[in-house]
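The values are calculated or read from the model by the stated rules, or taken from the named source; none is laboratory data. These numbers come from a predicted model, not from an experiment. Every residue, glycine among them, receives a Cβ derived from its backbone with ideal geometry; neighbour counts consider all protein chains shown. Surface areas here come from the heavy atoms of the whole protein model, side chains and all, with no ligands, DNA or RNA. Shrake-Rupley method; radii C 1.70, N 1.55, O 1.52, S 1.80 Å.
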Amino acid sequence: MTRYLIIIFTFMFIASACSQDEERQQQSDEAIVDIPNTEGDLQVIAKNLQEPWEIAKLNDAFYVSERIGSIVTIKRGEQTRKQVQFSKDLSNQAEAGLLGIAVPGNFSETNKAFAYYSYQEDNQYYQRVVTIKESDEQWEETSVLIDRIPGGQFHQGGRIEIGPDNKLYITTGDATQPELAQDLDSLAGKILRMNLDGSIPADNPFEDSYVFTFGHRNPQGMAWNEADEMFATEHGSSAHDEINRIIKGSNYGWPEIQGDETAANMESPIIHSGENTWAPSGMTYHNGFFYFASLRGEGLRRFDPANKTQKLIVSNVGRVRDALATNEGIYFLTNNTDGRGDPAANDDRLLFLPYNDLD
């Protein structure tokens with residue numbers, strides 16, 4: 001009889017433990033759906049993304065680039081991942097891969113968009129800007145607009161945005177060769193500007209050149225306000241991350257100046273992080289404020305250009321790579337699965353924060 005009682009109690013204990021494990025798992029899953037943060041509750045729009053880099057939105061569809069070489073379309077709660085067939089193999093050095101994407105307004109008619117990606121050739125690293133076309137099964141590279149943008153161990157740049165002037169803007173890093181940022185014959189360490197067909201705009205500041213501004217270390221985000229004034233985020237050296245007002249033809253000083261330093265014919269940042277680090281990435285704008293992703297601090301920051309101040313408004317959600325403002329709120333991407341973050345269950349994610357939870 002004693003042996004049977006032991007068996008019964010053992011079974012009851014195992015059943016109870018399993019029930020507790022299931023309850024803990026359920027609580028964990030529920031915590032993923034409703035995430036507390038410093039300013040309100042976030043909504044999870046998509047999860048299980050793989051090294052996401054940039055968000056584009058057209059009508060009711062989101063398009064998220066993944067560094068592994070795919071694009072995820074998110075529409076009415078459904079996620080569809082399609083590989084991009086590039087004519088060159090993606091390189092896998094740090095900060096490389098499929099980076100920026102931009103979706104033009106006529107996408108529903110052409111199925112064509114823009115992409116920025118890294119590749120390796122003859123033991124050298126490069127980036128290129130291409131057009132890509134979506135089919136039922138995949139995306140495919142269809143033409144090359146700019147090629148052989150220098151790449152390096154780090155600092156690949158990679159953001160692309162269609163500006164209010166209907167031109168394509170591209171950020172490029174210095175490819176860990178700082179001197180290239182001051183070289184107007186190099187595409188590294190620049191913000192580039194092109195027509196959507198790949199040609200050089202007639203009103204670019206330097207003759208027969210895509211270069212719009214130069215002297216950048218690793219610019220990461222671009223956005224425009226209602227007056228079509230352009231601002232950009234930039235990774236600094238040993239902290240000193242920057243937000244710059246971007247003025248056509250200007251020199252932003254790297255590697256000659258940073259932080260509060262000044263020099264003739266060089267632009268200093270509107271604000272910078274000083275001895276702290278934001279590790280800023282994608283940026284967006286709404287109603288007087290710029291919002292930018294922060295890899296360090298694991299959140300979203302708000303920049304007030306009138307008062308030249310910034311504030312961490314979302315924290316502890318993991319590294320944040322990109323942000324996109326709509327009339328309802330801010331969408332932003334966590335970026336923890338690229339080997340530099342600490343992935344949680346269902347990472348990475350596209351999150352949404354309504355404006356009424358900001359203040």
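Taking LYS88 as the residue in question, decide whether it is open to solvent by 40 Å² or more (accessible area, probe 1.4 Å) and touching a residue at least 60 places away in the same chain (Cβ under 8 Å). Considered against the rule, which asks whether it is open to solvent by 40 Å² or more (accessible area, probe 1.4 Å) and touching a residue at least 60 places away in the same chain (Cβ under 8 Å), LYS88 comes out as no.
Screening ALA344 on (1) aliphatic (A, V, I, L, M); (2) open to solvent by 40 Å² or more (accessible area, probe 1.4 Å); (3) touching a strand residue (DSSP E or B) at 6+ places or on another chain (Cβ under 6 Å) shows it passes everything except condition (3).
Tell me the strands (runs of 3 or more DSSP E) entirely within the stretch 138-177 that contain at least 2 residues that are within 15 Å of GLU54 (Cα to Cα) and open to solvent by 10 Å² or more (accessible area, probe 1.4 Å). Give the steps one after another, and end with the answer.
Numbers: elements: 139-150, 160-162, 168-171.
Passing ranges, in order: 160-162.
Checked against (1) open to solvent by less than 50 Å² (accessible area, probe 1.4 Å); (2) of a type outside the set (Ser, Thr, Tyr); (3) touching a helix residue (DSSP H, G or I) at 6+ places or on another chain (Cβ under 8 Å), PHE332 passes all but a single condition, namely (3). Does the stretch 310-320 hold any residues that are in a strand (DSSP E or B) and open to solvent by 20 Å² or more (accessible area, probe 1.4 Å), and which are they? Answer for the stretch 310-320, where residues must be in a strand (DSSP E or B) and open to solvent by 20 Å² or more (accessible area, probe 1.4 Å): GLN310, LYS311, LEU312. Does the stretch 216-233 hold any residues that are of a type in the set (Gly, Ala, Ser) and surrounded by 23 or more Cβ atoms within 10 Å (Cβ to Cβ), and which are they? Within the stretch 216-233, GLY221, ALA223, ALA232 meet the criteria.
Considering only the stretch 261-274, I want to know if a residue exists there that is in contact (Cβ under 8 Å) with a residue 60 or more places away in the chain, surrounded by 13 or more Cβ atoms within 10 Å (Cβ to Cβ) and not in a loop (DSSP other than H, G, I, E, B). No; the residues of the stretch 261-274 include none that is in contact (Cβ under 8 Å) with a residue 60 or more places away in the chain, surrounded by 13 or more Cβ atoms within 10 Å (Cβ to Cβ) and not in a loop (DSSP other than H, G, I, E, B).
Among the residues of the stretch 124-138, how many are more than 20 Å from the chain's Cα centre (by Cα) and either within 22 Å of ILE162 (Cα to Cα) or of a type in the set (Val, Ile, Thr) (or both)? Steps first, please.
Initial filter on the stretch 124-138 (more than 20 Å from the chain's Cα centre (by Cα)): 124-125, 133-138.
Next cut, either within 22 Å of ILE162 (Cα to Cα) or of a type in the set (Val, Ile, Thr) (or both) only: 133-134.
Number satisfying all stated conditions: 2.
How many residues does the stretch 108-123 hold that are part of a helix (DSSP H, G or I) and within 21 Å of the chain's Cα centre (by Cα)? Going through the stretch 108-123 one residue at a time, the tally reaches 0.
Can you tell me which residue in the stretch 178-208 is surrounded by the most Cβ atoms within 10 Å (Cβ to Cβ), limited to those that are touching a residue at least 24 places away in the same chain (Cβ under 8 Å) and of a type in the set (Gly, Ala, Ser)? In this case the residue turns out to be GLY189. Take the conditions (1) assigned to a loop (DSSP other than H, G, I, E, B); (2) open to solvent by 60 Å² or more (accessible area, probe 1.4 Å); ARG245 misses just one of them, which is (1). Only a single criterion out of (1) at pLDDT 95 or above; (2) assigned to a loop (DSSP other than H, G, I, E, B) is not satisfied by GLN79, namely (2).
Could you say which residue among THR213, THR277, THR233, THR284 is among the β-branched types (Val, Ile, Thr) and assigned to a loop (DSSP other than H, G, I, E, B)?
Residue meeting the stated conditions: THR277.
Specify the residue that is modelled with the lowest pLDDT; the eligible residues are those in the stretch 287-309 that are in a loop (DSSP other than H, G, I, E, B) and more than 20 Å from SER250 (Cβ to Cβ). This residue is GLY297. In the stretch 226-246, the residue that is nearest to the chain's Cα centre (by Cα) out of those that are free of Cβ contacts under 8 Å to residues at least 60 places away in the same chain and over 18 Å from GLY173 (Cα atoms) is GLU229.
Restricting attention to the stretch 42-85, the residues that are open to solvent by less than 30 Å² (accessible area, probe 1.4 Å) and of a type in the set (Asp, Glu) add up to 2.
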